[in-house]
1. Rounding to the nearest 20 debye, state how big the charge dipole of the range A:9-156 is about its Cα centre with +1 on each Lys and Arg Cβ and -1 on each Asp and Glu Cβ.
2. Counting only complete DSSP H runs, which helices of chain B cover 15 Å or more along their long axis at the Cα atoms and score a mean Kyte-Doolittle of -0.5 or above?
3. Given C-alpha coordinates of the range B:3-133, what is the ratio Rg to Rh with the Kirkwood estimate of Rh?
4. What list of ³J(HN,Hα) values in whole Hz, one per residue of the range A:50-59 in order, does the Karplus curve 6.51 cos²θ - 1.76 cosθ + 1.60 (θ = phi - 60°) give from phi, with Gly and Pro shown as x?
5. Let me see the pair-distance distribution of the protein assembly as shown: every alpha carbon pair, 10 Å bin width, integer percents in order.
6. I need two numbers for chain A: Rg to one decimal and Dmax as a whole number, Cα atoms only, in Å.
7. Looking only at B:VAL75, B:VAL43, B:VAL63, which one moves most when chain B is put into a Gaussian network model with springs between Cα atoms under 10 Å?
8. Compute the longest continuous run of chain A that contains no exposed GluC sites (Glu not before Pro); treat a site as exposed when its DSSP state is not H, G, I, E or B and it has at most 16 other Cβ atoms within 10 Å.
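Computed from the coordinates by the stated procedures, all read-outs in this text should not be read as laboratory data. None of the values given here were measured: they were computed from a predicted structure. Cβ atoms come from the backbone with ideal geometry, glycine included; neighbour counts cover every protein chain shown.
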Amino acid sequence: MRDIVLTRIDDRLIHGQVVTAWVKQTNGNRIVIVDEALAKDAFMQKILKSAAPPGVSVEVYSVSDAAELLKAEAVKGEKVIILVKTPQVLEALLDAGVELKTVILGGMGLKAGRKKFYKNISASDDEIACMKRLISRKTTILAQMVPDERPADISKLV
Amino acid sequence: MFEIIIVSHGEYAKAMRQSAEMIMGEQKHIQTFGLCPGEDIDVLREQVHGAIRQANASGEVLVLTDMISGSPFNVTASAMAEYDFCHIAGVNLPMLLEICSLRGSMSLKEIEENIVDMGKTTIVCVNGLVKEGE
């Protein structure tokens, strides 16, 4: 397995909190975005790559390509940050053999079908059910928007 | 006169416009959009894309975002595949003032070529300035 320093659920993927706080806190230097739609969007990939913070590479993969990459042997000095929009993507990575011990639930905005369940984090019934399955597979999910905030264990909230 | 659209985290865009107007008086053809905590990013995307589409139909558009790689930047960047407009990230108040005062006499292209360098000159360590003057 690669050296994964952060796995984060956030429907905004790369944004202010990630580049200013999480990258610095984790010293991550390789951001792996797992998102089927973005994996097909060459224009946005170009923007995300060229706007990456100094010293950090950004790559976008489908679930199957990401799983292959993440299961490969760790590379010295490489620290991987995984970003996904929904818990379902993480479940697919687990199914594909990727080990995910701790996941940070950073942001899921309020939209149709979702209800607020913790601070500014919202989830649909399907997403809650999926998080419960992840927890039963020994993945710890912690709600935490920024590193300074005290993390909240999702198993006590869903 | 081209349209200015400012997109930011929270109230920064709106407040920046108000601050600019405090200095320069009322400014026309400025729209502002902000993303507040817990709000759906897709709603902001629709608002920003819609404003760009509409403004583009009647003239040129300059979109100013608060920070590279932020969500306001991302939703604006995603419109660049579809619409032709100028996008400058990392706007500050002196840049906005400069744009407002020049857009009556300068083309958007000329402003685009100069505004980033101009913006950099507005950020100074004042302690350094004081030392230089001694």
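1. Approximately 440 debye in magnitude.
2. Membrane-span-like by this rule: B:12-24, B:41-58.
3. When Rh is taken as the Kirkwood radius, the ratio is 0.99.
4. Running phi through 6.51 cos²θ - 1.76 cosθ + 1.60 with θ = phi - 60° gives 6, 8, 4, x, x, x, 10, 9, 10, 9 Hz.
5. All Cα pairs considered, the percentages come to 6, 25, 31, 21, 13, 4, 0.
6. So, for chain A, Rg and Dmax equal 14.7, 43 Å respectively.
7. For chain B, modelled as a Gaussian network with Cα springs under 10 Å, the answer is B:VAL43.
8. The answer is A:1-72.
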